[in-house]
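These notes concern the structure reproduced below.
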Amino acid sequence: IALASHVVCPLFDGVLAGFLADHPGATVSLEVMPSRDALAVVGARRASLAVCLMPVRPAGVVAELLYRESFGLFCGRSHPLFGAQSLPTDALAGQAVVSFQTDREGDALGEVTALRRRLGMGERVVGSSAHLEEVRRMIEAGIGIGPLPLHVVAQDVAAGRLWHLPPFGGLPTVDVHLCHAPGLRRNPAEAELLARLLAAI
């Protein structure tokens, strides 16, 4: 299974755990990669499934909406805006930005790009990664302000490692899909896991 970085989905985890509990002889391999690569390996029949964003849909790949995540803007403890209350949104104008490699117009995080433009944040991204953990690392280190999924970083905010910046409403949303190639010859384990996931969705 090819997965985008830091997929947080209890439905997926529950199905996977139940499948392995019912079939203790089965094994699963999870490989983290950028969403474009995950789609490519499914389309090329080199992975059974993918859980990823959908920047483009390759021919021959079916996608089912798994969940939707909302992105907010965050900064780390050493950033000058950390802890600031009642900030006007124009306080973010010109701030250094760290983000995902797909944070650009027409790509998977295009809505995040549009939000940054509305806020007057710099076009220059000073740090980027395809992996959520590394984007979070740069934000926590105070390199710049960056977008992260709200549900993924809720504990970091509660622990005081990250600060949620405005705006707090009308946030960008991104869909995460379960992708597979119809007609792929699957072994019985692959077929059953896919069936369980589709039924749960």
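The values are calculated or read from the model by the stated rules, or taken from the named source; none is laboratory data. Every value quoted in this text rests on a predicted model; they were computed, and no experiment measured them. Backbone-built Cβ (ideal geometry, glycine too); neighbour counts: all protein chains shown. Please note that ligands, DNA and RNA were not included when accessible areas were found on the heavy atoms of the full protein model with its side chains. Shrake-Rupley method; radii C 1.70, N 1.55, O 1.52, S 1.80 Å.
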Q: Assuming R0 = 35 Å, can you tell me the calculated FRET efficiency for the pair Ile201 and His164, based on Cβ-Cβ distance, to the nearest 0.05?
A: 0.75
Q | Peptides 104-113, 87-96 ordered by average Cβ neighbours within 10 Å, highest first | A | 104-113, 87-96
Q.
Rg/Rh for segment 82-195 to two decimals, with Rh computed the Kirkwood way over all alpha-carbon pairs.
A. 1.09
Q: Determine the sum of side-chain charges near Pro55: Lys and Arg each +1, Asp and Glu each -1, restricted to other residues whose C-beta is under 13 angstrom from that of Pro55.
A: -3
**Q.** Overall form of segment 32-121 per C-alpha gyration tensor (a/c, 1.5; a/b vs b/c)
**A.** prolate
Q) Given the rule -39500 (n - 2.57) for each run of at least 4 DSSP H residues, summed and divided by the residues of the chain, what is its mean residue ellipticity at 222 nm, to the nearest 500 deg cm²/dmol? A) -9000 deg cm²/dmol
**Q.** Global geometry of segment 140-190, whether rounded, prolate or oblate, following the gyration tensor of its Cα atoms and the 1.5 cut on a/c
**A.** prolate
Q: Can you check what the net charge comes to around Glu140, using other residues whose Cβ is under 10 Å from the Cβ of Glu140 (Lys, Arg +1; Asp, Glu -1)?
A: +3
Q. Shape call for segment 118-172 from the C-alpha gyration tensor, a ≥ b ≥ c root eigenvalues: rounded (a/c under 1.5), prolate (a/b greater than b/c) or oblate?
A. oblate
Q. Which whole-number percent gives the relative contact order of segment 63-143, counting Cα pairs below 8 Å spaced six or more residues apart?
A. 37 percent
Q.
As a test of the definition: which semi-axes, in Å, follow for the chain when you take the square root of five times each eigenvalue of its alpha carbon gyration tensor? Largest first, please.
A. 35, 18, 13
**Q.** Net length gained if the chain between Glu123 and Gln155 were fully extended (0.36 nm per residue, minus Cα distance)
**A.** 8.6 nm
Q.
How large a share of the accessible area of segment 86-201, in percent, is made up of carbon and sulfur atoms when the probe is 1.4 Å and the other protein chains stay in place?
A. 52 percent
Q) Under a 1.4 Å probe, what is the accessible area of segment 6-116 per residue, stated in Å²? A) 49 Å²
